[in-house]
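Here the structure is laid out as structure tokens; the discussion comes afterwards.
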Amino acid sequence: MIGLLLNKTHIKLPLETLFTKAGVYELIVPEGATSMSAVAVGGGQSASSTTLVHTGGNGGTLRYRNAIPVTPGEKMTVVVGQGGIGTPTPVKTAFTANKGSFSGIARNGTYLLKAVGGGEDASGNTAVTVMPQSNGLSGNLLDLVLVDIVGGLVGGLVGGLLNVVGGVLAGIANNPIQNPATKPIIGGGTGGKGGTGSLTTRAVGGGGAGGYMGDGGAGCAYGATPTNPADTGAGYGGNVTLTTQGTTKIYTGRGGGGIKSTGRIKDMPGSGAGIPTAIPGGGAGGGGASQYKSDGTSLLGSGADGIVRIVWGTGRGYPDQTTAG
């Protein structure tokens with residue numbers, strides 16, 4: 001019996017649970033887990049066209065939530081959003097954009113975390129309740145709690161020993177990132193908008209996926225200078241290149257970049273962003289781009305699928321905390 005108790009004490013939780021393929025999954029909370037933190041990114045939108053212009057797909061939204069209380073053995077539903085489908089073959093006709101779909105985590109039908117896909121109604125996102133400071137959080141959330149308890153104790157002692165208890169309570173209650181089990185931090189950014197092309201150079205780039213602390217980068221048309229997202233963890237917008245095959249000019253847009261599910265690395269530009277790819281969207285929620293040939297044919301890229309990643313253990317969370325291992 002003693003041996004069994006010792007084994008029980010040293011349960012090793014999985015570091016993470018990662019879902020990268022569009023679909024609906026059942027998640028069973030592992031034994032020993034009482035807290036989880038998660039990030040979700042919706043699928044990217046496909047590119048679209050009319051007889052005059054092309055439009056790149058919008059990137060998917062990112063939302064993260066920290067310190068979600070869980071019970072070992074309970075079942076949750078995980079949804080990974082699909083990217084909007086583009087055209088599999090070049091066309092000369094108009095094509096309506098297909099939206100990306102949302103990603104999220106639900107308990108008994110109620111979503112604890114939800115990030116909409118590119119082109120979807122933004123009101124479906126989990127509301128951002130507390131945004132971390134601009135330089136990001138680091139370390140263990142428990143450290144933050146202890147700092148404020150100590151601060152409360154000091155304040156209470158200054159006012160007299162009878163105020164110690166009041167000082168402790170005030171130190172915990174007055175800081176919005178206290179008591180993470182009941183006041184989790186929820187943050188994230190919106191996907192970047194896809195670019196819009198002109199009549200003559202209709203190829204465009206897709207929008208990047210939303211970041212941990214800001215929006216994704218916008219796609220652009222040929223000749224325009226891409227604008228990098230302000231958040232180092234957001235997907236970069238796609239640009240457009242020009243090549244020539246014989247007498248045929250080919251304008252090729254790049255899909256918006258996705259995000260890295262391991263979180264943003266503070267003060268390291270681009271550390272959280274996926275690299276924009278060719279016509280389809282980049283990983284984890286990048287928007288679709290387009291390709292246009294001077295013979296009038298167009299290829300309209302699909303948005304990338306979303307992603308959901310869960311990390312287990314007290315103090316592990318986003319955006320800059322110990323999520324990598």
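The values are calculated or read from the model by the stated rules, or taken from the named source; none is laboratory data. What you see is a predicted model; the values in this text were computed from it and never measured. Reconstructed Cβ throughout: ideal geometry from the backbone, glycine too, with neighbour counts over all protein chains shown.
Would you check which residues across segment 80-120 are among the aliphatic types (A, V, I, L, M) and under 14 Å from the mean Cα position of the chain (by Cα) and list them? Talk me through it step by step, then tell me what you get.
Pass one, segment 80-120, residues among the aliphatic types (A, V, I, L, M): 80, 85, 91, 94, 97, 105-106, 112-113, 115-116.
Listed by number, the residues that qualify are V80, I105, L113, A115, V116.
Hey, can you tell me all the residues within segment 181-219 that are crowded, with 24+ Cβ neighbours inside 10 Å and of a type in the set (A, V, I, L, M, F, W, C)? Scanning segment 181-219 gives A203, V204, A209, M213, A218.
For segment 114-124, check the following and say yes or no: at least one residue is farther than 22 Å from G216 by Cβ and buried (at least 16 other Cβ atoms within 10 Å of the Cβ).
Taking segment 114-124 and keeping what is farther than 22 Å from G216 by Cβ, we get none.
Within segment 114-124 (the criterion being farther than 22 Å from G216 by Cβ and buried (at least 16 other Cβ atoms within 10 Å of the Cβ)), the answer is no, since none of the residues qualifies.
On the stretch given as segment 222-260, residues that are of a type in the set (D, E) and not in a loop (DSSP other than H, G, I, E, B) total 0.
Of the residues G84, G188, which is of a type outside the set (D, E), modelled with pLDDT of 90 or more and at positive phi?
Details: G84 fails: at positive phi.
Just one listed residue meets the conditions, G188.
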